[in-house]
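Structure first, then comments.
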There are 2 protein chains.
Amino acid sequence: MSAPLPSTFAGIQNDIARALEQLLAPGGAATPDPVLDAMRYTLLAPSKRVRAVLVHLAADVCGDSARALPAASAVECIHAASLMLDDLPSMDDAPLRRGRPSAHVAHGEAVAILAAFGLLNLAYGHLARAYPAPLAARITALYTDAVGLDGLIAGQAEDVLATDAVIDFNTLERIHRRKTGVLFGAAAQAGALSAGANENAIASLTSYAKNLGLAFQIVDDLLDVVGTEAETGKAVRADARKMTFVSFSGVDGARELANDLCATAERALDPFGRRADPLRELARFVAGRRV
Amino acid sequence: MSAPLPSTFAGIQNDIARALEQLLAPGGAATPDPVLDAMRYTLLAPSKRVRAVLVHLAADVCGDSARALPAASAVECIHAASLMLDDLPSMDDAPLRRGRPSAHVAHGEAVAILAAFGLLNLAYGHLARAYPAPLAARITALYTDAVGLDGLIAGQAEDVLATDAVIDFNTLERIHRRKTGVLFGAAAQAGALSAGANENAIASLTSYAKNLGLAFQIVDDLLDVVGTEAETGKAVRADARKMTFVSFSGVDGARELANDLCATAERALDPFGRRADPLRELARFVAGRRV
């Protein structure tokens, strides 16, 4: 796995890991459930859970993280589902993920597709059950937008269809905004909503998170070029058939772009003063991520 | 396509078709959207939309169908998503659906998988936006249960894994209860909830719908054996590698079983008196469905 988050975030990460484990606890039934196994395999694999940490930190900076956990769990379910789809033979055909065989390699393609479906479904079911109805409806609307036709699904479709194609910088930026930035933004908004934040706070946090998400993706592109399989937990040089931020800007240019985006993200935190220091630390981690 | 629903239901079907068309209206953007195209291809294809009709009729028999439409649209999104997955090469590898090439044949496998994901996602987004929050949360909880690990996803997984295997009658019954009965039951409950029905009415309608759903599936098995491709809109004799109700009970036995289930379904309607006649007509249609 690539560099872990700073230890400041370990407590939050542990809370999230426990919540996810409970969400997918094996039932009492003696019958094996291959789909549940595949859901657990991907959702519970070691991971930074940066999107869930973002939900928590956004809630915390707005003054109340007590209701952040269901939104944090749901965003991890959505993200894990998207990873399972990205890796499928008909998409990126990736053999490794999080340091282990991809879900379809380990569990078969049919089961992996159904498990991805199951994780998306679980995200919305969990929101509907865990929150008071008005909050559930607002976060569900947010997350379904982030997944939909101007979010994850659109970004993944354009990414797959752009393999082996020449694309311009704006197209690349749009793909990664949709694949990463939009869900980062939704995670921050959900955290803020769970804390009852006002519109100004939500707007600042959304701006922070979208820039952070794009920076995160650019650093992923860098790791694909300069990292090793053992360090990143997935096959490297996998993007050779795709245009990336590194193919446009070179290694140094991509690093600079990521740093600029993280600086922009940090500036969006000004209204929060020192209370936003954990979010600043997260941005500096993303900017400084090295293998 | 197999036999259409009786003309009594044409008005409801038209309302649903219009609502689905609006839900997937092409945006103003000039850029083509292959995932939206694939979603439209499957969701808007000619279909009986029996699950949506069931939502409407359940609401109507409880005295108020004014709020049935979003739940009816959402259940059709979920059902269409499940059809796209069922047909994939890694699952049933079915070339035809609703009289046309299956979605992955027409749109490519990656886009078809993303479109199925998009339809499931849209179902929950639509519920969250179209309903008052408490009703949205209740129907979302219902539908996510019906899709999840004791519903559609579990049924499809067991069905795929049972291909070429010998299974017993109880396993077959469980597969089809999960693949069809559970979503029929959720559709009826959602309709009743949208009408503010009491627990007794909900229980009666759920019993009706689960039996109806299982009968519907058995008749599908029959059509696979005795129908033609032109009549059913999909490849027939596709189930040769699977055990079906017909392989257990023969053609006449399967017909008898479907008739018995429809009669049981009708008996559950007794508390509603004559008001339930449209639901009785639907049960008789299912029992009498012939190619």
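The values are calculated or read from the model by the stated rules, or taken from the named source; none is laboratory data. Treat the numbers as computed from the prediction; the structure is a model and nothing was measured. Counting neighbours? That spans all protein chains shown, and the Cβs are built from the backbone with ideal geometry, glycine included.
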- Query: Just one of A:Ala238, A:Ala203 is surrounded by fewer than 19 Cβ atoms within 10 Å (Cβ to Cβ), at pLDDT below 95 and hydrophobic (A, V, I, L, M, F, W, C); which is it?
  - Reply: A:Ala238
- Query: Which residues, taken from segment A:65-78, are surrounded by fewer than 24 Cβ atoms within 10 Å (Cβ to Cβ) and not hydrophobic (A, V, I, L, M, F, W, C)?
  - Reply: A:Ser65, A:Arg67, A:Pro70
- Message: I'd like to verify a number: residues in segment B:104-123 that are at the interface with another protein chain (Cβ under 8 Å from one of its Cβ atoms), farther than 18 Å from A:Val111 by Cα, out of contact with any Gly (no Cβ under 9 Å at 6 or more places or on another chain) and not aliphatic (A, V, I, L, M), how many?
- Response: 1
- Mind telling me which of the residues A:Asp164, A:Asp92, A:Asp150 ends up being within 17 Å of the chain's Cα centre (by Cα), at pLDDT below 95 and more than 7 Å from every other protein chain (Cβ to nearest Cβ)? A:Asp150
- Given the conditions (1) at the interface with chain B (Cβ under 7 Å from one of its Cβ atoms); (2) surrounded by fewer than 24 Cβ atoms within 10 Å (Cβ to Cβ), which single one is not true for A:Thr140? (2)
- Task: Report yes if some residue within segment A:77-85 is within 14 Å of another protein chain (Cβ to nearest Cβ), of a type in the set (Val, Ile, Thr) and touching a residue at least 60 places away in the same chain (Cβ under 8 Å); otherwise report no.
- Result: yes
- Task: Would you list the helices (runs of 4 or more DSSP H) that sit entirely within segment A:1-64 and hold 3 or more residues that are within 14 Å of another protein chain (Cβ to nearest Cβ) and crowded, with 17+ Cβ neighbours inside 10 Å?
- Result: A:34-43
